[in-house]
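First the structure, in the form of structure tokens, and then the observations on it.
The values are calculated or read from the model by the stated rules, or taken from the named source; none is laboratory data. Being a predicted model, the structure only gives us computed values, none of them experimental. Using ideal geometry, Cβ is built from the backbone for each residue, glycine included, and neighbour counts are taken over all protein chains shown.
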Amino acid sequence: MIRDLSRLLVFTLTAAATLSSPVHAATVVLSDAVYGVQVDNYSPLGGNAPVSANSSLGSAQAGLPASGGEVIPFVEANASGPDEVTAGESYQFAVLAPANTIVPVWFSGNLQASGSLAAGASAQVFSLGGNTVLYRATVCSPATCLPTAIPDPYGPQAVGNYSYETVLNVATNTAYEIQLNTRIYGGPGSAISDPFVQIDPAFLAANLGDTLEFSAGIDNVSPIPLPPALPMFGSALLVLGAFARHWREQCRHNI
């Protein structure tokens, strides 16, 4: 299950991306961000703007609207019963620099998964040139899920709450894609994927002309802190989502 999570909503997000309008950033063309959610058997919702769905079965959020029309990369799924809830987001970034070089970029964030049955979250980075996974972090619910016996060659597999951080050596003036996915299935649960990207501070200090560019409207801010433990049942799951969104907005305004 944990490996299948990385494929969740990929076809939906890829199809929507082909309809989006590219954004020109210096010598790099970055596609618009794509968002998608689905709650149980309701029709999936998605497009190039943040989207959410709520019902008596659960809730899902892809993209967190911020002030000024910007969007914080963030996906969340909550289920109040034995239903399937999914949320996914894809967006792109590039390091703009005067010359074609290799730049160390920190890719970090938080993943959370809790529930009485299957719950999971993932974050991964693709190289668009070869559609190659550069890094992938995944988590699943501690209630019933254990990491697969076969290690993922692209990154860590964890249970429950997990903070990941890796350094990616990326080519300048080249587009890369980030995909975020969450999924709840078979019981009450909650899942969150919350990423952050930055150029290595020491490298940036020696190369002040290098900058990060993202898909139009993306507001790249530090993720919310992981709580000591996630509530696993009842209405607390839905409260968690509202609290996370409020806390994220408060943190952003204090940066």
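For S215, are the conditions met, namely being buried (at least 17 other Cβ atoms within 10 Å of the Cβ) and farther than 14 Å from A113 by Cα? Yes: the conditions hold for S215.
Out of the stretch 135-158, which residues are within 20 Å of Q198 (Cβ to Cβ) and modelled with pLDDT under 95?
Scanning the stretch 135-158 gives G155, P156.
Checking the stretch 114-125 against the condition returns a match, with at least one residue being at pLDDT below 90, of a type in the set (A, V, I, L, M, F, W, C) and part of a loop (DSSP other than H, G, I, E, B). Screening F74 with (1) aromatic (F, W, Y); (2) without any contact (Cβ under 8 Å) to a residue 60 or more places away in the chain; (3) surrounded by 22 or more Cβ atoms within 10 Å (Cβ to Cβ) gives one miss only, at (2). Only one of the numbered conditions (1) at pLDDT 70 or above; (2) more than 17 Å from L180 (Cβ to Cβ) is violated by A25, and that is (1). Scanning the stretch 110-125 for residues that are in contact with a helix residue (DSSP H, G or I) (Cβ under 9 Å, 6 or more places away or on another chain) and either free of Cβ contacts under 8 Å to residues at least 12 places away in the same chain or under 13 Å from A191 (Cβ atoms) (or both), we see that the one that is surrounded by the fewest Cβ atoms within 10 Å (Cβ to Cβ) is Q112. For the stretch 33-54, the count of residues that are in contact with a Leu (Cβ under 8 Å, 6 or more places away or on another chain), within 15 Å of Y176 (Cβ to Cβ) and either surrounded by fewer than 19 Cβ atoms within 10 Å (Cβ to Cβ) or among the acidic types (D, E) (or both) is zero. Against the conditions (1) within 20 Å of D219 (Cα to Cα); (2) touching a Gly at 6+ places or on another chain (Cβ under 8 Å); (3) crowded, with 18+ Cβ neighbours inside 10 Å, where does I178 fall short? Just the number, please. With respect to (1) within 20 Å of D219 (Cα to Cα); (2) touching a Gly at 6+ places or on another chain (Cβ under 8 Å); (3) crowded, with 18+ Cβ neighbours inside 10 Å, I178 is out only on (2).
Hey, among the residues in the stretch 90-109 that are of a type in the set (S, T, N, Q) and surrounded by 24 or more Cβ atoms within 10 Å (Cβ to Cβ), which one's farthest from A216 (Cα to Cα)? Here the answer is S90. Residues considered: G155, G63. Of these, the only one that is in a loop (DSSP other than H, G, I, E, B), of a type in the set (G, A, S), under 30 Å from V29 (Cβ atoms) and touching a Phe, Trp or Tyr at 6+ places or on another chain (Cβ under 9 Å) is G155. Scanning the stretch 159-190 for residues that are of a type outside the set (V, I, T), in a loop (DSSP other than H, G, I, E, B) and either out of contact with any helix residue (DSSP H, G or I) (no Cβ under 9 Å at 6 or more places or on another chain) or at pLDDT 95 or above (or both) yields G160, N161, N173, A175, G186, G187.
From the list T101, T132, T166, exactly one residue is of a type in the set (S, T, Y), free of Cβ contacts under 8 Å to residues at least 24 places away in the same chain and more than 16 Å from N181 (Cβ to Cβ). Which is it? Matching residue, one of T101, T132, T166: T132.
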